[in-house]
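Notes follow the structure.
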Amino acid sequence: MEVILGSSGSAVAFASLPSFRNSSALFSSEVLLLNRPPAKRSRGQIHYSSFSKEQSIVKYNSTQSFKNDHVHDDVRLKLWRLNKTFVSRSGFFVLKPESFTWWRKFIISIQKVVKCTEWHSNLGPILSINLVVGVMLYMTFSAAVTKTPSWALTEENLIFLEAWRTIDRAFIDKSFNGQSWFRYRENALRNEPMNTREETYAAIRKMVATLDDPFTRFLEPKKFKSLRSGTKNTLTGVGLSIGYPKEKDKSSSELVVVSAAPGGPAFRAGILSGDLIVAIDDKSTESMEIYDAAERLQGPEGSGVELIVRHGSETRHLSLIRERVLLNPVKSRVCKTPGLGDDAPLVGYIKLTSFNQNASGAVKEAIETLKGNNVNSFILDLRDNSGGLFPEGVEIAKIWLEKGVIVYICDSRGVRDIYDTDGSNSVASSEPLVVLVNKGTASASEILAGALKDNKRAVLVGEPTYGKGKIQSVFELSDGSGLAVTVARYETPAHTDINKVGIIPDYPLPVSFPKDEDSLCGCLQDPTSACYLNRVQLFSR
């Protein structure tokens, strides 16, 4: 076993020796004293300053008389310079556990010798500690030089360290899947080849894989750019949102369809939420990373892609043509209900398909337009909405709520942040509201649905949602690559953790209830329709 010590900024990992379990035991205030310049003398006193175990600054004063102060100062000055040079220039050094016994005996023997005279008894502790520390630093530095050809960091090392630091600061699990994250860094820098950018990327992917988190992923520059484009207004592809199967449904390791963008190629081909993507262009999706699959589904406008899709026991081979999918997140219209002429109650229908950077503004605009048309109740359709930008979900919740908690953000230590509203951004906080959800409702959609349900602002109708209760942040690295890192999990205002469970609606929709707005309005207006829902029945709890 070895004890690996890092220089400034690196972690310190110690072997399980009684005296060396933490840095304060190894470097006590007396030893830390030696890594400072020689003290200033004033009126026969020598003043030192060091750090206590509690890391607060304390004064260590000693009033001693030395006949040969200049000898003492000269020794301390040389040893301090040696220590300073070592600390500032060395990267890492290695101490063998077996060497501690030898050094302990060596210290004791020196102390016995220096106790021979009173003068030596005063000088002995300081001189012996200085001498021993100086010799130890020199010896271990020499050993480090012989063991490692060079500790100079290359450009590739710096990219790796940038990724390591990003995960270190942001990742939700501070045990890093039960491993020493600092030790992993040192071992990777020693052992992983990083001579080319591809080798560096491979080392980063290997590091991320040790976290065992399916949503934390390294993104090469092209994939990172593609991911960011998905939060904007257009995307060239087949219009599919995909994810990993839930644990309870994971009979295979293929990717599952979360939702198909309305009007897109996949939607027109009849691909539904819950379908499995078996293969993309003859390449099996078994064990395929989600971002790799997303990249394969996207491509130049007009190009083709072959899919094998399984729905239940039925498997279909589909040839789709990629096209520019407009990500206008909101569609709205006025739905009439049975009544007497112009006095019939009007329902405002809002379909929210994604949480991109325009979502909250588009929802607010739709509400104001519908209210201008004398709408007095609303249906918010979140079916097949796979999420998107977390802040947009919070902002849309503020539109509907007068006050209350929207979501709790939690890490491994519990609640770390609370998002709530005071009603200052409210646009429709009192009108009757129904929210439609299904198993394609995920992520930011679930945050919104959970906030409206737990605050008793809306009635949820449909089927249990997808159950993605973790939040990722995307970080760009200096070379254009990026990391999607799971930074937190969330709980609804009722402190419900919905991860892998989903949000349970208040009651189900009829099986025949349609997803397109024209047919849906017909189900509210025509009492003879098979999907008819009475307005009072729909908005009641």
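Annotations
- Residues that are β-branched (Val, Ile, Thr) and at pLDDT below 75, drawn from segment 231-282: Thr231, Thr234
- Scanning segment 437-495 for residues being closer than 30 Å to Ala202 by Cβ and of a type in the set (S, T, N, Q) gives a total of 6.
- Checking each residue in segment 356-408 for being in contact with a Ser or Thr (Cβ under 6 Å, 6 or more places away or on another chain) and hydroxyl-bearing (Ser, Thr, Tyr) picks out only Ser386.
- Search result, residues across segment 482-538 that are of a type outside the set (A, V, I, L, M), modelled with pLDDT of 90 or more and not in a loop (DSSP other than H, G, I, E, B): Gly482, Thr486, Arg489, Tyr490, Glu491, Tyr507
- When the residues of segment 451-480 are filtered to those that are in a loop (DSSP other than H, G, I, E, B) and either free of Cβ contacts under 8 Å to residues at least 60 places away in the same chain or touching a strand residue (DSSP E or B) at 6+ places or on another chain (Cβ under 6 Å) (or both), the one that is nearest to Asp292 (Cα to Cα) is Gly469.
- Checking Asn455 against (1) open to solvent by 60 Å² or more (accessible area, probe 1.4 Å); (2) farther than 22 Å from Ser354 by Cβ, the condition it does not meet: (1)
- Filtered by the rule that a residue be assigned to a helix (DSSP H, G or I) and farther than 16 Å from Pro221 by Cα, segment 186-202 gives Glu186, Asn187, Ala188, Leu189, Arg190, Asn191.
- On the stretch given as segment 284-317, residues that are acidic (Asp, Glu) and at pLDDT 90 or above total 2.
- Meets criteria (over 28 Å from Glu254 (Cβ atoms) and either under 32 Å from the mean Cα position of the chain (by Cα) or open to solvent by less than 40 Å² (accessible area, probe 1.4 Å) (or both)) for Ala293: no
- Filter result for the condition that a residue is free of Cβ contacts under 8 Å to residues at least 60 places away in the same chain and closer than 27 Å to Pro245 by Cα, over Leu227, Leu219, Leu211, Leu189: Leu211
- Qualifying position, being open to solvent by 20 Å² or more (accessible area, probe 1.4 Å), within 21 Å of the chain's Cα centre (by Cα) and either within 23 Å of Lys470 (Cβ to Cβ) or modelled with pLDDT under 90 (or both), among Phe355, Phe390: Phe390
- Segment 206-219, subset open to solvent by less than 50 Å² (accessible area, probe 1.4 Å) and either among the acidic types (Asp, Glu) or not in a loop (DSSP other than H, G, I, E, B) (or both), residue farthest from Ala442 (Cα to Cα): Met207
- Set side by side, the residues Thr496, Thr492, Thr528 differ, and just one is surrounded by fewer than 15 Cβ atoms within 10 Å (Cβ to Cβ) and either farther than 20 Å from Lys351 by Cβ or aromatic (Phe, Trp, Tyr) (or both), which is Thr528.
The values are calculated or read from the model by the stated rules, or taken from the named source; none is laboratory data. Fair warning: this is a prediction, and the values are worked out from it, not measured in the lab. Virtual Cβ from ideal backbone geometry, glycine too; neighbours counted across all protein chains shown. These area figures cover heavy atoms from the full protein model, side chains too; ligands, DNA and RNA do not enter into them. Shrake-Rupley method; radii C 1.70, N 1.55, O 1.52, S 1.80 Å.
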